[in-house]
Amino acid sequence: MKPHEFPAGLQPMIVRHWMQTEPLTITGDTLVSAAKRLLSENNLHALPVVEGARLRGLVTRANLLRMGHFVLQTQNADEFNFFVTRLKVKDIMVRNPATVQASDTMAHCLQLGRELGVAQFPVLDGNELVGVISANEIFQLAAHCLGSWQQRCGDLMPSRTA
């Protein structure tokens, strides 16, 4: 079978069908402390940073944890105060983050995540941010596939060869 050619009645699993739509976004001028609160309150791992409809960066829990850990280790009250009251997302965000297109296959998304070692991607349709896909959605996909496998084959799994 050629790439992008599927048996009759079957469609590829594409990112658009698995992504979180209408993602919560922030601007680069958002305070880091506010971004941290948004991530925690909404149980998110990343927030796209936008200017208008254009993606400018990505701030992740890991970014914030590293920054917070660094500031706490300095034990300097002035640095801690700056971190809490004046440091902006644009100062610590991942600029030009890796992205996927809404029309990409989930296989491509999984491969890219594995190659780059990232667990979430902003999803674009052309240049417009239309969603976010993260490890949570990938686990949903895995559960869906395993459920389908079990319906067809029971608990039998293909044998692994060494």
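Each reported figure results from applying straightforward, stated rules to the coordinates on display, with no laboratory input. If you're wondering where the values come from, they're calculated on a predicted model, not measured in any experiment. Cβ: placed from backbone, ideal geometry, glycine included. Neighbour counts: every protein chain shown.
Counting only other residues whose beta carbon sits under 15 Å from that of R66, what net charge do I get with K and R as +1, D and E as -1? Before the final figure, lay out each step's value.
Values: positive: K36, R61; negative: E79, D91.
Computed value for this residue: 0.
With a cut-off of at most 16 other beta carbons within 10 Å, and DSSP calling the residue loop, which trypsin sites (Lys or Arg not before Pro) in the range 77-124 qualify? Please list them. The partial results should precede the final answer.
Numbers: sites: R86, K88, K90, R95, R114; in loops: R86.
Those that pass, being in a loop and sparsely packed, are R86.
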Can you put F121, F83 in order of Cβ neighbours within 10 angstrom, beginning with the fewest? F83, F121
